[in-house]
1. With the requirement that a residue be touching a residue at least 24 places away in the same chain (Cβ under 8 Å) and either farther than 24 Å from B:LEU145 by Cβ or in contact with a strand residue (DSSP E or B) (Cβ under 6 Å, 6 or more places away or on another chain) (or both), what does the range A:125-157 give you?
2. Failed condition for B:LYS127, given (1) outside any helix (DSSP H, G or I); (2) more than 10 Å from chain A (Cβ to nearest Cβ); (3) of a type outside the set (A, V, I, L, M), with all others met?
3. For the range B:112-128, what are the residues that are of a type outside the set (Ser, Thr, Tyr) and free of Cβ contacts under 8 Å to residues at least 24 places away in the same chain?
4. Can you tell me which residues in the range B:130-147 are under 12 Å from A:GLN38 (Cβ atoms) and in contact (Cβ under 8 Å) with a residue 12 or more places away in the chain?
5. Out of everything in the range B:63-104 that is more than 22 Å from the chain's Cα centre (by Cα) and farther than 22 Å from A:SER15 by Cα, what residue ends up being modelled with the highest pLDDT?
6. State whether the residues of the range A:54-65 include one that is modelled with pLDDT of 55 or more, touching a Gly at 6+ places or on another chain (Cβ under 7 Å), more than 7 Å from chain B (Cβ to nearest Cβ) and in a helix (DSSP H, G or I).
7. With respect to A:LEU161, determine if the residue is modelled with pLDDT under 90 and touching a Pro at 6+ places or on another chain (Cβ under 9 Å).
8. For the range B:17-40, which residues satisfy the criterion of being surrounded by 18 or more Cβ atoms within 10 Å (Cβ to Cβ) and modelled with pLDDT under 80?
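The values are calculated or read from the model by the stated rules, or taken from the named source; none is laboratory data. What you see is a predicted model; the values in this text were computed from it and never measured. Don't worry about glycine lacking a Cβ; one is built from the backbone with ideal geometry, like all the others, and counts go over all protein chains shown.
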Amino acid sequence: MEKNAQKDIKKTKNSLKRLLKELPTEELLSLYSDFILQEKLLKELSRAEMEIERVLGKFWSDSVVENVEVYNLGGMCYKEKVPAVRMGREELAERKTLFYAEPFPENLPEEKKATVKEIVFRLIEVNNAELEVFEKLKSKSPLEDVIFKLIRESLLQHSRLLKELLTLLRRYNGKGI
Amino acid sequence: MGKVYNSQIPYYELVIPMVEPLVKKAAEVEDKAAKSYTEGLAKIRGQGLKYTDTEAVVTRIAVDTIIHKHLMKAILEAQKELEKVRKGYEHVKEPMEIEPTKEQALLVKRFAEMHLDIERDMVETYKKMAEKMTHPLFKGLAEALVKNEEEHHRLLKKLIEKYEEI
């Protein structure tokens with residue numbers, strides 16, 4: 001599906017390039033700019049899928065859920081045994097009950113709990129740095145604008161999730177980091 | 001004809017977009033963040049214990065961040081390519097400043113007519129992608145591409161009308 005779109009974009013870009021040589025106007029150049037961005041986005045989309053596959057394969061190969069239709073990346077559909085993390089957000093919300101009930105295994109030594117909390121604390125700092133940059137970003141086209149908004153929204157959600165997780169981890173043994 | 005770009009940005013910037021330093025920084029931040037999240041996961045795992053739910057949250061964030069990273073890379077690469085293109089089009093003009101010849105008008109009209117069908121196909125393709133994708137970021141992106149293509153479709157129609165009169 002994406003390959004078809006990529007072919008169409010290439011064709012249109014080539015015609016536009018020829019046309020721009022004849023008649024360089026703002027309207028034609030802005031159309032050309034949009035196609036450049038679309039082309040790059042489709043290319044990166046498949047790269048993102050490959051990287052996600054690699055990361056998931058590395059960390060979740062032994063943690064599977066059966067017969068769940070999950071994250072559908074780029075038209076692929078997973079119906080077999082799949083890593084739990086690929087489940088959609090709704091499923092993850094359901095898992096929160098479990099998540100709130102027991103964040104740490106029983107009788108876990110204190111230093112191990114502290115390490116997990118420290119990792120989450122550092123990830124909150126990473127998230128803050130991301131948010132800081134994205135708050136300042138200004139878009140140059142409506143398409144860029146939507147992408148920035150999508151990322152900002154996603155970062156805010158991460159911020160909430162990480163903070164909830166840290167609060168929970170702190171509360172569980174009644175100590176801060 | 002309606003402008004494609006945000007009217008708050010100066011015309012020069014619209015037609016000749018420079019690589020935005022903040023976009024470069026954001027792409028770098030996302031690259032580092034993706035590494036931090038996957039390293040965080042490795043450290044959690046490295047303790048020899050499974051914190052299933054903590055891992056589920058961090059992995060989900062890692063997956064999202066990988067997508068952010070690639071989206072920002074796409075924007076950065078597009079801005080770089082546009083900067084190169086800009087060098088050949090310093091003489092670009094607002095449509096009202098140009099008196100196209102009959103041949104030029106015909107060329108634009110023919111281009112717009114030819115590409116109306118392609119644009120229609122692209123709208124359909126992106127719509128199908130948006131329907132199929134379940135990850136919120138990919139779905140949002142596909143929906144944005146549908147809107148972008150619909151806008152192009154409108155622009156091409158306007159071009160045909162405009163250059164038909166010449």
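1. Result: A:ASN127, A:ASN128, A:LEU131.
2. Failing condition for B:LYS127: (1).
3. Taking the range B:112-128 and keeping what is of a type outside the set (Ser, Thr, Tyr), we get B:112-124, B:127-128.
Passing the criteria: B:MET114, B:ASP117, B:ILE118, B:ASP121, B:GLU124, B:LYS127, B:LYS128.
4. Within the range B:130-147, B:LEU141, B:ALA142, B:LEU145, B:VAL146 meet the criteria.
5. B:GLU97
6. No, that holds for no residue.
7. no
8. As a first pass, look at the range B:17-40 and keep what is surrounded by 18 or more Cβ atoms within 10 Å (Cβ to Cβ): B:17, B:20, B:23, B:26-27, B:29-30, B:33-34, B:36-38, B:40.
B:PRO17, B:GLU20 - these are the residues of the range B:17-40 that are surrounded by 18 or more Cβ atoms within 10 Å (Cβ to Cβ) and modelled with pLDDT under 80.
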